[in-house]
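The values are calculated or read from the model by the stated rules, or taken from the named source; none is laboratory data. Values in this document were obtained by computation on a predicted structure and should not be read as measured data. When we count neighbours, we look across all protein chains shown, and the Cβ atoms used for this are built from the backbone with ideal geometry, even at glycine.
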Amino acid sequence: MCMPEPSELGSPERGYLIGIDVGTSFVKTVLLDLEGNELFVAGERNEIESIQPGWAEQDMMLLWEITKKTVRAVMSRSAIPPGAVIAVGITGQGDGTWLIGQDGEPVRRALIWLDGRTGEAVARWHADGTNHEVFEQTGTVLTPGHQSSQLYWLDKVEPESLAKAKAVLHAKDWIFFKFTRQVTTDESEASYTFFDIRNNRYSDRIFEILGLERWRHLIPPARPSCENVGELEGDVARETGLLPGTPVAAGPVDVAATAIGAGALYEGDGCSVIGTAGIHQIVMDEPLTEPPDVGYTLCYGPPGKWLRMLPTMTCTSNLEWFIRNFCGEDLREAKRLGVDLWDHMEQLAERVPVGSEGIIYHPYIDPAGERVPFVKPSARAQFSGLSAFHTRHHLLRAVYEGVALSALDCYSYMPKEINGIRLAGGGAKSKFWARMFADVTGKVTRTLVGTEFGAKGAAINAGVAVGAYRSFGDALERTVKVSREYHPAPERTERYRRIYEVYREMYRLMWGIWDR
């Protein structure tokens, strides 16, 4: 996607930043100026392989080729000289297990965060107290997508893969390695897997608890995000159109990078990513982990800051699933009228009263179940309260509301009160949904100028790393602009509070039934 003409880019001496977001379904590369304006964006779809039900893997070399292609596209379309790019920042999907061998090549396909093959082991750890013991050090619950649980599976089922490995990386670390040949990770990604979160260092005890001591040597060193920097290799520079030696910074992980790109910096700032998953976060000045055995705690990119994060398994995919399977007539109507599909669907949902006239939807559509604010691999989506007078449009609104209620559910478990929410991700484009988030949570909700906040956050981190900004505060003041602000309507907030009480009581009653 090209926005300005090259002649509109201004003086190249001022410099530009590139941000790369190695996402689950798409890889996005963005060229930004130092004021944070997205000048050029290139994206390519990435494929998920599922050779068995509940498994989710990706081809590491395919991801690398896609990434190079998007960088080449941005450089070609912008027509800026390679030397005008002062730094490249990389972020990417979290969790998962990306093995490289002694030769630097992939050992096998990567297990990604959506993979559910470790569900039985994770359920056992939650039942026997293992999860609690790990949480006391990491501030993060064990889930099927976690690198630690996936290493456990590989140790039991594919030890030969681990025996061949030189290092266990995450998605962004793999791309950083290919750019710079450095084997590292950053603190944001390391912190919620094997870290003592209060002391910012790896904990050997966690490896002992999970029986993974013999693979400890595969875990790369962890650096602060703005210090995790290398130089672009010459061969890669030629393939991408960049200059050899260009500084490359890796980190933080995509959820944290998105919070940076959306401008969340101070204690109490909330940020929700309304994307494939629903990522709900609060910025903290200390690593608070209350309540216990819920969610993630991770080091943030800005020094002296932490994030408490509750990432649901699914978010917008609930809506996509419902529209794809039940709204064929509405899809045809939107096409006939020549109107935007999502605007059309929102208008239909908006005609239904708050509360969907008694229908409640629980958005646990992923085959791997749910991971926050409870961990239940057996959790499943459900509609409740159906009656003969309801239509598919009641169900449609209930799906929108169910996702928003899931966000409220997550924020209710935060150790501090949020002072407002910044929305990012594809769902943030919806004015209808943004207004609903404000009403459901009772908090002022803001959307921001721009679209690719993960890549933007990675670029900002790279800019801080090379001194283009004095600090993260300086960077966000220059680069983040509010697009719209939504204030909650008290009467709707009160209505949603009562609905939420039923929503929460209902899923708790379902826990045992899901297991059966």
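Where residues in the range 493-516 are under 24 Å from Gly119 (Cβ atoms), among the basic types (Lys, Arg) and part of a helix (DSSP H, G or I), which of them is nearest to the chain's Cα centre (by Cα)?
Looking at the filtered set, the residue picked out is Arg504.
Inside the range 396-443, can you point out the residues that are farther than 13 Å from Glu350 by Cβ and of a type in the set (S, T, N, Q)?
Selection gives Ser406, Ser412, Asn419, Thr441.
What number of residues within the range 300-332 satisfy the criterion of being part of a loop (DSSP other than H, G, I, E, B) and basic (Lys, Arg)?
The qualifying residues number 1.
Keeping to the range 37-53, report how many residues are within 20 Å of the chain's Cα centre (by Cα) and not charged (D, E, K, R).
Number of matching residues: 5.
Looking only at the range 188-205, count how many residues are under 16 Å from Cys226 (Cβ atoms) and surrounded by fewer than 24 Cβ atoms within 10 Å (Cβ to Cβ).
Summing the residues that are under 16 Å from Cys226 (Cβ atoms) and surrounded by fewer than 24 Cβ atoms within 10 Å (Cβ to Cβ) in the range 188-205 gives 1.
Can you tell me which of (1) in contact (Cβ under 8 Å) with a residue 24 or more places away in the chain; (2) more than 21 Å from the chain's Cα centre (by Cα) is the one Asp409 doesn't meet?
For Asp409, the failing item is (2).
If we keep just the residues of the range 1-33 that are touching a Gly at 6+ places or on another chain (Cβ under 8 Å) and assigned to a loop (DSSP other than H, G, I, E, B), which is modelled with the lowest pLDDT?
Looking at residues that are touching a Gly at 6+ places or on another chain (Cβ under 8 Å) and assigned to a loop (DSSP other than H, G, I, E, B), I get Met1.
Examine the range 305-322 for a residue that is more than 21 Å from the chain's Cα centre (by Cα) and closer than 28 Å to Leu395 by Cα, and state whether such a residue exists. Lay out the reasoning, then the answer.
Within the range 305-322, the subset more than 21 Å from the chain's Cα centre (by Cα) is 322.
Add one more test, that the residue is closer than 28 Å to Leu395 by Cα, and what stays is 322.
Checked the range 305-322: at least one residue is more than 21 Å from the chain's Cα centre (by Cα) and closer than 28 Å to Leu395 by Cα.
Hey, any hits in the range 256-270 for a residue that's outside any strand (DSSP E or B) and of a type in the set (D, E, K, R)?
There is at least one residue in the range 256-270 that is outside any strand (DSSP E or B) and of a type in the set (D, E, K, R).
Got a number for residues in the range 261-273 being under 17 Å from Lys28 (Cα atoms) and not small (Gly, Ala, Ser)?
Total meeting the criteria: 1.
Mind checking whether some residue in the range 141-156 is in contact with a Cys (Cβ under 9 Å, 6 or more places away or on another chain) and aromatic (Phe, Trp, Tyr)?
No: zero hits.
Counting just the residues of the range 377-427 that are of a type in the set (Lys, Arg) and closer than 24 Å to Thr289 by Cα, which one comes out modelled with the highest pLDDT?
Across the range 377-427, the extreme among qualifying residues is Arg422.
Report whether or not Arg108 is in contact with a Ser or Thr (Cβ under 6 Å, 6 or more places away or on another chain) and more than 21 Å from Pro367 (Cβ to Cβ).
Details: in contact with a Ser or Thr (Cβ under 6 Å, 6 or more places away or on another chain): yes; more than 21 Å from Pro367 (Cβ to Cβ): yes.
Considered against the rule, which asks whether it is in contact with a Ser or Thr (Cβ under 6 Å, 6 or more places away or on another chain) and more than 21 Å from Pro367 (Cβ to Cβ), Arg108 comes out as yes.
Name the residue, out of Pro244, Pro252, that is modelled with pLDDT of 95 or more, part of a loop (DSSP other than H, G, I, E, B), within 21 Å of Thr24 (Cα to Cα) and in contact with a helix residue (DSSP H, G or I) (Cβ under 7 Å, 6 or more places away or on another chain).
Going through Pro244, Pro252 in turn, just one is modelled with pLDDT of 95 or more, part of a loop (DSSP other than H, G, I, E, B), within 21 Å of Thr24 (Cα to Cα) and in contact with a helix residue (DSSP H, G or I) (Cβ under 7 Å, 6 or more places away or on another chain): Pro252.
Residue-wise test of (1) modelled with pLDDT of 95 or more; (2) surrounded by fewer than 21 Cβ atoms within 10 Å (Cβ to Cβ); (3) within 30 Å of Lys68 (Cβ to Cβ).
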site	(1), (2), (3)
Thr138	yes, no, no
Leu142	no, no, no
Ser148	yes, no, no
Trp153	yes, yes, no
Ser161	yes, yes, yes
Val168	yes, no, yes
Ala171	yes, no, yes
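When residues of the range 46-80 are filtered for being closer than 18 Å to Pro106 by Cα and assigned to a helix (DSSP H, G or I), how many remain?
9
Identify all residues within the range 117-170 that are more than 17 Å from Phe207 (Cβ to Cβ) and charged (D, E, K, R); write none if there are none.
Passing the criteria: Arg117, Glu120, Arg124, Asp128, Glu158, Glu160, Lys164, Lys166.
Return yes when Arg435 is more than 27 Å from Val248 (Cα to Cα), in contact with a strand residue (DSSP E or B) (Cβ under 9 Å, 6 or more places away or on another chain) and outside any helix (DSSP H, G or I) and no when it is not.
no
Could you check, for the range 282-293, whether at least one of its residues is closer than 21 Å to Ala459 by Cβ and part of a strand (DSSP E or B)?
Of the residues in the range 282-293, the ones closer than 21 Å to Ala459 by Cβ are 283.
After this cut, where a residue has to be part of a strand (DSSP E or B) as well, the list is 283.
For the range 282-293, residues closer than 21 Å to Ala459 by Cβ and part of a strand (DSSP E or B): present.
Please enumerate the residues belonging to the range 170-203 that are among the small types (Gly, Ala, Ser) and in a helix (DSSP H, G or I).
Those that are among the small types (Gly, Ala, Ser) and in a helix (DSSP H, G or I): Ala171, Ser188, Ala190, Ser191.
Mind listing whichever residues of the range 86-101 are part of a strand (DSSP E or B) and among the polar types (S, T, N, Q)? Working first, answer last.
As a first pass, look at the range 86-101 and keep what is part of a strand (DSSP E or B): 86-92, 97-101.
Matches in the range 86-101: Thr91, Thr97.
List the residue pairs whose Cβ atoms are under 9 Å apart, where the first residue sits in the range 141-152 and is assigned to a helix (DSSP H, G or I), the second is buried (at least 24 other Cβ atoms within 10 Å of the Cβ) and among the small types (Gly, Ala, Ser), and the two are 6 or more positions apart or on different chains.
Every condition considered, the pairs that remain are Gln147/Gly96; Gln150/Gly96.
Tell me whether the range 438-447 contains one or more residues that are in a loop (DSSP other than H, G, I, E, B), in contact (Cβ under 8 Å) with a residue 60 or more places away in the chain and touching a helix residue (DSSP H, G or I) at 6+ places or on another chain (Cβ under 9 Å).
Taking every residue of the range 438-447 in turn, at least one turns out to be in a loop (DSSP other than H, G, I, E, B), in contact (Cβ under 8 Å) with a residue 60 or more places away in the chain and touching a helix residue (DSSP H, G or I) at 6+ places or on another chain (Cβ under 9 Å).
Can you tell me how many residues in the range 93-115 are at positive phi, crowded, with 24+ Cβ neighbours inside 10 Å and not acidic (Asp, Glu)?
Residues meeting the conditions: 1.
Let me confirm something: among Gly104, Gly36, Gly83, Gly43, which residue is modelled with pLDDT of 95 or more, part of a strand (DSSP E or B) and either closer than 24 Å to Gly145 by Cα or of a type outside the set (S, T, N, Q) (or both)?
Details: Gly104 fails: part of a strand (DSSP E or B); Gly36 fails: part of a strand (DSSP E or B); Gly83 fails: part of a strand (DSSP E or B).
Of Gly104, Gly36, Gly83, Gly43, the one residue that is modelled with pLDDT of 95 or more, part of a strand (DSSP E or B) and either closer than 24 Å to Gly145 by Cα or of a type outside the set (S, T, N, Q) (or both) is Gly43.
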